[in-house]
1. For the peptides 38-44, 150-156, 136-142, what is the packing order when you average, over each peptide's residues, the other Cβ atoms within 10 Å and list the highest mean first?
2. Across bins of 5 angstrom width beginning at 0, how are the C-alpha pair distances of segment 2-202 distributed, in whole percent?
3. If the limit is 28 Å between Cα atoms, which of K88/K121; K140/K186; K135/K174; K104/K174 go over it?
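Values in this text are rule-based calculations from the coordinates and carry no lab data. Predicted model only: the values in this text are computed from it and were never measured. Here the Cβ positions follow ideal geometry from the backbone for every residue, glycine too, while neighbour counts run over all protein chains shown.
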Amino acid sequence: MENHTGFIVLVDISGYTNFISSHNIDSAVDKKLSLGQAHAEHIISDLLEKVIDQLDGVLQVNKLQGDAALFYGVSEDNVNLSDKIIKKLQTSFEVFNQRLSEIKFCEACTCGTCVDVGNLKLKSFVHFGDFLIKKINQFKEIAGQDVILAHRLMKNSISVSEYMLFTKPFTEIKSLDSLGLIEDRKENYDDIGQVDCTVFYPDKELYNMEISKKKSWIGTMYSMFKYFYHSKSKKGIELKYNIAGS
């Protein structure tokens with residue numbers, strides 16, 4: 001086993017779980033996929049491959065995890081590598097969305113899967129910390145507490161579907177101020193405590209739309225609760241106007 005200090009990066013496709021479960025890929029009998037299941041698997045693999053192609057060379061891809069890919073990077077010049085990681089991630093998001101546009105023709109498919117392609121989004125998680133590189137047969141796998149932390153960050157309180165999350169150890173190496181729409185956040189976990197991070201939203205229009213939709217939903221739920229809080233009935237009307245019921 002080799003001990004290293006470096007960058008741990010995860011890219012994850014938002015909406016993958018719903019996309020896969022709604023088309024029952026994991027429930028395929030004897031590994032024989034239906035047309036819709038095969039299309040879903042093909043689409044996810046195609047999109048992940050495009051992202052990996054962009055990050056390859058700057059980061060080492062370590063493992064595919066269904067909807068996500070795990071990378072790591074080690075350098076004697078962390079500032080330079082952190083800058084490259086940011087630029088490559090930005091390009092990856094652009095390529096991902098471009099590929100979604102290119103396969104828009106899938107919506108003509110009648111299998112039922114392809115209609116949901118437009119709901120897929122990309123998000124990434126970037127951390128700087130310690131990890132072990134374990135060799136298992138001819139494969140290498142990274143492990144350690146910081147690798148676990150990076151995976152924990154995939155479950156968070158962020159309500160927007162497309163973003164890049166950077167932990168404080170990363171932003172202490174490279175400032176994100178020049179990126180644009182960023183937000184400092186604190187995520188809390190029972191097993192590892194509070195994690196300080198900064199989130200970059202590459203698509204400002206999407207961010208504003210999804211935040212507005214969330215606020216609208218909260219307002220709607222409040223109005224509905226308020227409306228039904230004092231229940232009304234025909235019996236109440238009869239008592240109010242002193243009339244006989246049918």
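1. Working: 38-44: 19.0, 150-156: 17.1, 136-142: 10.7.
Sorting 38-44, 150-156, 136-142 by mean packing, highest first, produces 38-44, 150-156, 136-142.
2. 1, 7, 16, 18, 19, 16, 12, 7, 4, 1, 0
3. Violating the 28 Å limit, Cα to Cα: K140/K186; K135/K174; K104/K174.
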